[in-house]
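See below for the structure under consideration.
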Amino acid sequence: MKYFVILVLGLLLGAGVAVFLLGVPRMKSAPGTKVQAPAAGELAGDTVMITIGNGFFNDLLTAVFRDLGPPAFNLAELETGAGPATIKPVAYQQGCANSITLMSEGGGGKTQVQFTGGKITAPLAFTGSYNLMGNCMQFKGTANTSIELRFDHPSQTVFGQMSVDGVNLEGVNPIANNFVTVFVRNAIDTRVNPLELIRAPQLQLMIPVKASNGAVMAQVKDVRAEVLDGMLKLFISYEFNGAKT
């Protein structure tokens, strides 16, 4: 019983120290407003619907891992001195790479995008290492994330805001687990967000009308989304304006 109490106290202390030293993870917020569900009824005349299945993003991820290599980014190190502790990004410290690398599979999970239960979820498999107080910690696991869609009208861009719902680590000391969890959350929250999913060139339209010596420009005025099992439906509403060339 005594050892159990010590373990619990160690876990609580480790969590408190990790948050105190590294701070609560703060996401880079995506611009724009949250994409809402479409209104009930038929599509308006100025609205087009795009259907995207699970396979689209998963084939995209396959191409990334196969042709470009696993995405990797640095974590932050804890720097102490005469003043208060600060955090700065580093690449290597004493031969230990302070980085996290996304993997196609690993840590008992697979990196993929799923449309299910009215939500967009994206489990991320990862591996990495971190120099903690002179000890090089190797870790691997999966991060359970969800993605919120946002539309920014000025930039005509659909963004994704990724939130980390939980981190599952393998083979990490229970007390050090809290530090590594904070490292991983910070890395995903600050280095991945915001996601540019659909940019202006993919959304806007220009239709030449040679007989009128001009063109019709179509700019997006609203984006709605509906998440079904296995697919995402985007409803894009346009406003049209003609211009002489």
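The values are calculated or read from the model by the stated rules, or taken from the named source; none is laboratory data. Predicted, not measured: the structure shown is a model, and the values here were computed from it. So basically every Cβ, Gly included, is an ideal-geometry build from the backbone, and we count neighbours across all protein chains shown. Protein only, heavy atoms only, side chains kept; ligands, DNA and RNA dropped before computing areas. Shrake-Rupley method; radii C 1.70, N 1.55, O 1.52, S 1.80 Å.
Being over 18 Å from residue 140 (Cβ atoms), open to solvent by 20 Å² or more (accessible area, probe 1.4 Å) and part of a helix (DSSP H, G or I): is that true of residue 190 here? Walk me through it before giving the result.
Numbers: over 18 Å from residue 140 (Cβ atoms): yes; open to solvent by 20 Å² or more (accessible area, probe 1.4 Å): yes; part of a helix (DSSP H, G or I): yes.
It is true that residue 190 is over 18 Å from residue 140 (Cβ atoms), open to solvent by 20 Å² or more (accessible area, probe 1.4 Å) and part of a helix (DSSP H, G or I).
Restricting attention to the range 40-52, which residues are part of a loop (DSSP other than H, G, I, E, B), in contact (Cβ under 8 Å) with a residue 12 or more places away in the chain and open to solvent by 70 Å² or more (accessible area, probe 1.4 Å)?
Narrowing the range 40-52 to residues part of a loop (DSSP other than H, G, I, E, B): 40-46.
Then keep just the ones that are in contact (Cβ under 8 Å) with a residue 12 or more places away in the chain; that gives 43-44, 46.
Listed by number, the list holds a single entry, 43.
I need the full set of residues from the range 193-229 which are buried (at least 16 other Cβ atoms within 10 Å of the Cβ) and either in a loop (DSSP other than H, G, I, E, B) or of a type outside the set (D, E, K, R) (or both), in order please.
The answer is 193, 194, 197, 198, 203, 215, 218, 220, 223, 225, 227.
Restricting the range 95-115 to residues that are assigned to a strand (DSSP E or B) and modelled with pLDDT of 90 or more, which is farthest from residue 226 (Cα to Cα)?
From the range 95-115, those assigned to a strand (DSSP E or B) are 96-97, 99-103, 105-106, 109-110, 114-115; that's our starting set.
Still in the running and modelled with pLDDT of 90 or more: 101-103, 105, 110, 114-115.
Working: 101: 31, 102: 28, 103: 29, 105: 28, 110: 24, 114: 13, 115: 10 Å.
The qualifying residue farthest from residue 226 (Cα to Cα) is 101.
Can you find a residue in the range 16-35 that is within 30 Å of residue 154 (Cβ to Cβ), open to solvent by 50 Å² or more (accessible area, probe 1.4 Å) and at pLDDT 90 or above?
Checked against the condition, which is being within 30 Å of residue 154 (Cβ to Cβ), open to solvent by 50 Å² or more (accessible area, probe 1.4 Å) and at pLDDT 90 or above, the range 16-35 yields at least one hit.
Of the residues 167, 172, which single one is without any contact (Cβ under 8 Å) to a residue 40 or more places away in the chain, open to solvent by 10 Å² or more (accessible area, probe 1.4 Å), of a type in the set (A, V, I, L, M) and part of a loop (DSSP other than H, G, I, E, B)?
Details: 167 fails: part of a loop (DSSP other than H, G, I, E, B).
The unique qualifying residue is 172.
For residue 147, state whether it is open to solvent by 20 Å² or more (accessible area, probe 1.4 Å) and at negative phi. Steps first, please.
Working: open to solvent by 20 Å² or more (accessible area, probe 1.4 Å): yes; at negative phi: yes.
For residue 147, the condition - open to solvent by 20 Å² or more (accessible area, probe 1.4 Å) and at negative phi - is met.
Determine which member of the set 226, 170 is closer than 27 Å to residue 50 by Cβ and modelled with pLDDT of 85 or more. Break it down stepwise before answering.
On the way: 170 fails: closer than 27 Å to residue 50 by Cβ.
After ruling out the rest, the residue left standing is 226.
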